[in-house]
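The values are calculated or read from the model by the stated rules, or taken from the named source; none is laboratory data. Just so you know, these numbers come straight off a predicted model, no measurement behind them. Virtual Cβ from ideal backbone geometry, glycine too; neighbours counted across all protein chains shown. Side chains included, ligands, DNA and RNA excluded: accessible areas come from the protein's heavy atoms. Shrake-Rupley method; radii C 1.70, N 1.55, O 1.52, S 1.80 Å.
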Amino acid sequence: MIKCENIHKSYGRLEVLKGVSLEVSRGEVVSVVGPSGAGKTTLLQIMGTLAPMDSGRLEIDGVDVTSLGDDALSDFRNRRIGFVFQFHHLLPEFTALENVMMPALIGGAARAGAEARAAELLRMMGLEARASHKPSALSGGEQQRVAIARAIVNRPAILLADEPSGNLDSKNREEVHGLFFRLRDELGQTCVVVTHDDALASMADRKIVMSDGMIM
């Protein structure tokens, strides 16, 4: 599902990624761990096409994304890549249902279809009764589950998560961790999760350790 080949990335004189190569299989949950400054988030941003690489090659679901122009890349990102961050970044003026629908509407889906898909995902997240609530009326764990539903509303090829439970208490952290494996088991979702949480990292199908811009 994901092929990274010899990826290099520098910021000025600081070499952040030093020839990283990595493959992730379809339906696999992979955790990426390592100390701060190891290059984990930079690698995730490149996988998500949010940051350019200096050299190397990235293929997602059979598409060489390094060959896409700006417009095609933006469209590919919206349709085929889902993102979950430490902070949910929900839009405060919209309900949970409307937040989940948003990427589908941006992608050109009909409103009725987007709403049905969003409602289905909120049921999966155990949030059916909270669909009409705005983010300020939701707990931190509920907000993050809405963010995960939003990330997969377009049925992305890959779901990328950066410290998805880093801002949650232990109960909500466990619930969010469990969701990634439900998504794998029930939807066949491929997930790459950058985390400092040992419990989540150890639950993954495979744990990748980074240090000093390289995979150890």
* **Cα gyration tensor, segment 164-216 - rounded (a/c under 1.5), prolate or oblate** => oblate
* Return the long-range amide H neighbours of ILE208 (sequence gap of 5 or more, or a different chain), with a cut-off of under 5 Å between placed amide H atoms. => SER31, VAL32, VAL33
* Asked: Expressed as a fraction of 2.2 N^0.38 Å, the rule-of-thumb size for a compact globular protein of N residues, what is the C-alpha radius of gyration of segment 44-156?
  -> 1.15
* To do: Report, in debye and to the nearest 20, how large the dipole of segment 1-158 comes out about its Cα centre when Lys and Arg carry +1 and Asp and Glu carry -1 on their Cβ.
  => 260 debye
* Amide H neighbours of ILE2 under 5 Å, at least 5 residues apart or on other chains, H built in the peptide plane: list them. => VAL24, ASP61
* Structure fact -> extent check for segment 65-105: Cα max minus min per principal axis, descending, whole Å, gives 37, 24, 13
* To do: Would you calculate the separation in nanometres between label points at ASN78 and MET214, each defined as 7 Å from the Cα along the Cα-to-beta-carbon direction?
  => 4.1 nm
* To do: State, as an integer percentage, the relative contact order of the chain based on alpha-carbon contacts under 8 Å between residues 6 or more apart.
  => 33 percent
* With r defined as the distance between the Cβ atoms of ASP198 and ALA116 and R0 fixed at 22 Å, what FRET efficiency is calculated, to the nearest 0.05? -> 0.05
* **Calculated Rg and Dmax of the chain using C-alpha coordinates, Å** => 17.0, 52
* Structure fact -> Rounded to the nearest 5, the percent of DSSP beta bridges in the chain running antiparallel is 50 percent
* Structure fact -> The answer for the net charge of residues other than PHE87 whose Cβ lies under 12 angstrom from its Cβ, with Lys and Arg +1 and Asp and Glu -1, is -2
* Separation of the ASP205 and ARG26 label points, Cα + 7 Å toward Cβ, nm -> 1.1 nm
* Asked: ALA149: net charge of surrounding residues, Cβ under 14 Å, Lys/Arg +1, Asp/Glu -1, itself excluded?
  -> 0
* What does segment 1-53 give for Rg and for Dmax, in Å, if only its C-alpha atoms count? -> 11.3, 37
* Accessible solvent surface per residue of segment 76-215, calculated while the other protein chains remain in place, 1.4 angstrom probe, Å² -> 44 Å²
* List nothing, just return the count: lysine pairs in the chain, 8 or more apart or interchain, with Cα separation under 17 Å. => 7
* Hey, in the GNM for the chain with a 10 angstrom Cα cutoff, which one of ILE60, ILE158, ILE148 fluctuates hardest? -> ILE60
* Asked: For segment 113-208, what ratio Rg/Rh do Cα atoms give with a Kirkwood hydrodynamic radius?
  -> 0.95
* Charges only on Cβ, +1 for Lys and Arg, -1 for Asp and Glu: so what's the dipole of segment 109-191 about the Cα centre, in debye to the nearest 20? -> 260 debye
* To do: Between GLU59 and HIS133, with labels modelled 7 Å along Cα→Cβ, what's the label distance in nm to one decimal, could you check?
  => 4.5 nm
